[in-house]
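Read the structure below first, then the notes.
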Amino acid sequence: MSRAGRARTEPDRASPALVATTLVVGAILLLVLLLAAFGGAPEPTVPGLPGAGLFVGWLLPITRLLLDFAAVGAVGCLLFAAYLVPPRDQDLRRPAQRALRAASWCALVWAGLAAVGSLLTLADIAGQSLGEVLTAPGFADSLVSLDQSRSLLLVSALALLVTLSARRVKTTDGPMLVLVLALAALVPPILTGHAATHRAHELATVSLVIHVIAVSLWVGGLAALLMFRRRSPGKDAATVSRYSTVALVCFGLTAASGLLNAVIRLGDGTGLFAELLGSGYGVLILVKLAALAALAWFGWWHRRHAIALLAAGRPSAFRRFAGREVVLMLATIAVAVALSRTPTPSGGSSDVVDPADPGHQHAASTAFTGPPTSGH
Ligand code: HEM
């Protein structure tokens, strides 16, 4: 069936910009709801005590969510250019070039959000408003000296490198090199996040690195399949079946690394099930488990029906289902960011920093405001 014939049989599609905006706004609303409902919401600053305030408190997780989306977008477009389009195919040039350009834009947004995230993280940990942080003497030193903000600066630099190199790639193995660089840029925040401060931090860190890389390839790859069409249904089917193998491996890795990470965080206390059902963190884990089960069903349906229909020249079933699957995956990432901002039940270190905690504040504030104020 020609492209014109295919267009006639498929319903009108909303513009990509409208779809993307609706998804992002929906995901932010879901994140705010989950943080408010399960104990991850920021608290207003107590008068007389240091605090970054609600503006920073809410902007930090929202920035983290948008950053995760941009990173997943960049990784997915690069996977499409580097692997999903079979390398010997003459078409490589067109779909892969479009994917590389899109990867470059996603990476630029990623770099910007990581820089903003670095600032917000410093304010959050220092327990000061953005204005106070930006006007404090030695601001730049503290941005670099604090592990968490420095790691986001490193992400920003690496994402900028991805932006530039994705635009300059000309050879067929170039996209794979840029993909590896993008995957490396996912790692620094995990090495300085709460996984690194956990008692079993090696296991917590390694499993979270595997988790985030697998999720980024899985979700990003499917989104890229929906964004970039091949010339014919047969070539689309070839690309989709290549993705299907990647998806199966990433599904397994996401499940195993996620469960391991959850057990590490929940296992400290009296009983795993008590903490699963009795804490906001635990309930969010259960929500993710349910999402994973639903995604398993989507995977099965694609393998059982959609890919065959696609090869038979009927792409609409695959596109419709893949579209819904991407919506569920993006919602699950919002659940994941809410999880990373929700205190773990064992009081284990979480990503949530209590500016009122003198030990924490003291370390950060002396970094850029000199000796502690009279309140200590
Ligand atoms: C068996 C199901 C799953 C479990 C038990 C699980 C568990 C976890 C845990 C414990 C974390 C660390 C959270 C923290 O920082 O405290 C995490 C992070 C994450 N998970 Fe999962 N996960 C699962 C499935 C998924 C799925 C299906 C997706 C996406 C489609 C996903 C996306 C993510 C992302 C993006 C992060 C990092 C969030 C961030 O720090 O920005 N997970 N997951």
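Per-residue packing, averaged as other Cβ atoms within 10 Å, sorts the ranges 250-263, 123-136 into the order 123-136, 250-263, beginning with the highest. Extending 7 Å from Cα along the Cβ direction at Ser15 and again at Ala184 yields two label points whose distance is 3.9 nm. Debye-formula intensities of the stretch 17-366, expressed as log10 I(q)/I(0) at q = 0.09, 0.12 Å⁻¹, are -0.50, -0.87 (one equal scatterer per alpha-carbon, no solvent). If R0 is 45 Å, the Cβ-Cβ spacing of Val25 and Thr172 corresponds to a FRET efficiency of close to 0.75. With a 1.4 Å probe rolled over the protein heavy atoms of all chains, the accessible area of Lys170, Lys288 falls in the order Lys170, Lys288, largest first. Stretched out straight at 0.36 nm per residue, the stretch from Arg303 to Lys235 would grow longer than its current Cα-Cα span by 22.8 nm. Remark: spin-label model distance Val144-Leu191 equals 1.8 nm, labels positioned 7 Å along the Cα→Cβ axis.
Sorting check: for 156-169, 204-217, which peptide has the highest mean count of neighbouring beta carbons within 10 Å, and how do the rest follow?
Going by the mean number of other Cβ atoms within 10 Å, highest first, we get 204-217, 156-169.
Placing a pseudo-label 7 Å from each Cα along the Cα-to-Cβ vector at Ala36 and Arg101 gives an inter-label distance of 4.1 nm.
The values are calculated or read from the model by the stated rules, or taken from the named source; none is laboratory data. Small disclaimer: the values here were computed from a predicted structure and weren't measured. Here Cβ is always computed from backbone atoms with ideal geometry, including for glycine, and neighbour counts include all displayed protein chains. With ligands, DNA and RNA removed, areas are computed over all heavy atoms of the protein, side chains included. Shrake-Rupley method; radii C 1.70, N 1.55, O 1.52, S 1.80 Å.
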